[in-house]
1. Residues in segment 25-42: is at least one away from the ligand (no atom under 13 Å from the Cβ) and of a type in the set (S, T, N, Q)?
2. Looking only at residues in segment 1-24 that are touching a Phe, Trp or Tyr at 6+ places or on another chain (Cβ under 9 Å) and of a type in the set (Gly, Ala, Ser), which one is nearest to the ligand (Cβ to nearest atom)?
3. List the strands (runs of 3 or more DSSP E) that sit entirely inside segment 1-98 and contain at least 3 residues that are closer than 24 Å to residue 368 by Cα.
4. Take residue 248 and tell me if it is outside the structural domain of residue 49 (by TED's automatic domain parsing), closer than 24 Å to residue 401 by Cβ and in contact with a helix residue (DSSP H, G or I) (Cβ under 7 Å, 6 or more places away or on another chain).
5. Return the residues of segment 326-384 that are in contact with a Leu (Cβ under 9 Å, 6 or more places away or on another chain), closer than 30 Å to residue 7 by Cβ and either at pLDDT 90 or above or outside the structural domain of residue 302 (by TED's automatic domain parsing) (or both); say none if nothing qualifies.
6. Inspect all residues belonging to segment 139-157 and state whether any of them is in a helix (DSSP H, G or I), surrounded by 24 or more Cβ atoms within 10 Å (Cβ to Cβ), at negative phi and touching a residue at least 40 places away in the same chain (Cβ under 8 Å).
7. What is the one condition in (1) buried (at least 16 other Cβ atoms within 10 Å of the Cβ); (2) in contact with a helix residue (DSSP H, G or I) (Cβ under 8 Å, 6 or more places away or on another chain) that residue 282 does not satisfy?
8. Which of the residues spanning segment 114-138 are touching a residue at least 24 places away in the same chain (Cβ under 8 Å) and not in a helix (DSSP H, G or I)?
Amino acid sequence: MARRRYAVVGTGSRAERHVRAIAVEHAETCELVAFADVNRTRMDVHNERLAGLGVEPVPAYDAAGFRRMLDEQRVDVVVVTTVDRFHDTYIVGALDAGRDVVTEKPMTTDVPSAVKILDAVQRNDGNVTVTFNYRYNPIHEKVRALLADGAVGEIGSVHFEWLLDTRHGADYFRRWHRDKANSGGLMVHKATHHFDLLNWWVGSVPETVYAHGRLFFYGEENGKRHGYSHDERFTIDLERDAWLKKLYLDARHEDGYRRDQNPFAPGVSIEDDMSVLVRYASGANLTYHLTAYSPWEGYRLMVNGSRGRLELEVVENSWVSGQHPAVHGVSANPEQGWATLSVQRLFERREEIPLEHGGDGHGGADQRMVDALYGPAGQQDPLGRRATHRDGVLSLLTGFAANRSFETGGPVRVADLIDLR
Ligand SMILES: NC(=O)c1ccc[n+]([C@@H]2O[C@H](COP(=O)([O-])OP(=O)(O)OC[C@H]3O[C@@H](n4cnc5c(N)ncnc54)[C@H](O)[C@@H]3O)[C@@H](O)[C@H]2O)c1
């Protein structure tokens with residue numbers, strides 16, 4: 001069978017995982033044929049890395065040459081790994097040219113661009129896959145399987161708390177994400193993962209959302225108020241990591257982008273502390289909280305059902321040492337974590353569920369996802385992990401509605417934003 005021809009647009013840090021999967025790990029089914037980005041240095045870095053892996057460099061196109069690239073390189077599939085706010089441009093452009101799309105989360109950042117994508121899918125009968133790697137974490141698969149099998153009966157309510165520590169959390173305030181126009185804020189950029197997991201676990205869709213959010217810890221005023229500054233606990237030294245240096249420091253002369261901004265400097269327009277109440281179409285209620293300045297990183301999930309309760313605790317990092325921060329998902333952190341999952345049926349003792357250790361890269365999820373995505377066609381997917389544009393939008397609607405609720409102070413009906421019926 002002919003190999004599918006892939007182009008990657010947005011050749012930053014995350015692109016590396018897709019590039020390696022396409023060009024090296026799944027070269028029997030995939031062929032990498034081009035890069036596109038606004039920054040030529042970063043494309044060169046990826047080509048240099050390919051050479052190190054024994055793969056021929058691929059043509060590098062300026063963003064303006066995207067449409068031309070599709071034809072010249074006979075691209076079948078566009079992989080979108082740009083800054084979030086530009087996803088919609090490339091998704092719609094690829095669909096209108098009759099190509100398939102694999103896009104990183106969040107599929108997009110606001111309601112108008114989500115509508116544009118939905119329209120493009122419809123007029124082209126297009127094919128979009130959203131790379132929700134969190135679905136491929138073996139722990140999350142286990143939760144999905146247990147809930148779908150009725151381990152707690154009908155789901156009455158869910159409590160979900162997600163903590164980003166002062167290393168990973170601060171990183172959103174050092175990078176382009178700090179501007180809400182780029183990322184949609186953490187309700188969109190980060191919580192799209194969490195709201196997608198919730199939709200998938202609960203087996204329903206959000207109907208009503210009420211939320212409060214604020215910038216409490218990062219930003220200029222808060223830094224002063226709480227006594228934090230851009231000292232070694234909050235500084236990232238790009239010189240210390242050859243990959244980060246090449247990708248950002250050595251590429252800065254082209255676009256002026258700084259990956260190592262001061263999280264306590266002016267210009268932050270996203271929140272770092274967010275509380276959300278959601279009512280699902282199934283009737284289930286959710287209380288959700290996201291914090292970006294925690295001493296440890298991980299999450300707690302509690303699901304109350306008609307037959308019992310499921311509890312999950314995942315500690316990804318138990319503390320943050322005061323040294324220069326490693327970069328989450330790029331280099332290993334020195335502190336250990338653990339995970340526990342239990343189900344307690346009504347009138348029974350609590351049962352601990354044994355967990356498979358997933359490995360590196362978001363708990364082993366990244367490898368499992370790229371194998372499913374770029375490996376041979378026709379692989380089984382009994383848990384329904386592969387996510388479409390519809391899942392992409394559904395995961396975003398909770399965050400869009402929460403952002404609206406932050407502004408209005410009132411509850412938001414999701415159907416008033418986008419009516420998917
Ligand atoms: N699923 C995950 O776990 C995960 C992890 C990290 C990042 N991501 C996603 O991957 C995407 C990229 O994130 P990143 O961390 O690699 O960011 P990054 O800053 O390292 O890379 C972004 C790239 O986009 C390029 N770019 C900016 N504007 C562009 C435009 N108009 N046209 C083309 N290219 C443009 C930049 O030059 C840069 O090379 C984001 O959408 C992010 O949400 C997902």
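The values are calculated or read from the model by the stated rules, or taken from the named source; none is laboratory data. Note that the coordinates shown come from a computational prediction; the quantities given were computed from them, not determined experimentally. Cβ placement follows ideal geometry from the backbone for every residue including glycine, while neighbour counts extend to all protein chains displayed.
1. Yes, the conditions are met somewhere in segment 25-42.
2. 12
3. Because the criterion is at least 3 residues that are closer than 24 Å to residue 368 by Cα, the strands (runs of 3 or more DSSP E) in segment 1-98 that meet it are 4-9, 30-37, 77-80.
4. no
5. None - no residue of segment 326-384 is in contact with a Leu (Cβ under 9 Å, 6 or more places away or on another chain), closer than 30 Å to residue 7 by Cβ and either at pLDDT 90 or above or outside the structural domain of residue 302 (by TED's automatic domain parsing) (or both), so the list stays empty.
6. So far as segment 139-157 goes, yes, one or more of its residues are in a helix (DSSP H, G or I), surrounded by 24 or more Cβ atoms within 10 Å (Cβ to Cβ), at negative phi and touching a residue at least 40 places away in the same chain (Cβ under 8 Å).
7. In the conditions (1) buried (at least 16 other Cβ atoms within 10 Å of the Cβ); (2) in contact with a helix residue (DSSP H, G or I) (Cβ under 8 Å, 6 or more places away or on another chain), residue 282 misses (1) alone.
8. Once the filter is applied, which keeps residues that are touching a residue at least 24 places away in the same chain (Cβ under 8 Å) and not in a helix (DSSP H, G or I), segment 114-138 yields 126, 127, 128, 129, 130, 131, 132, 137.
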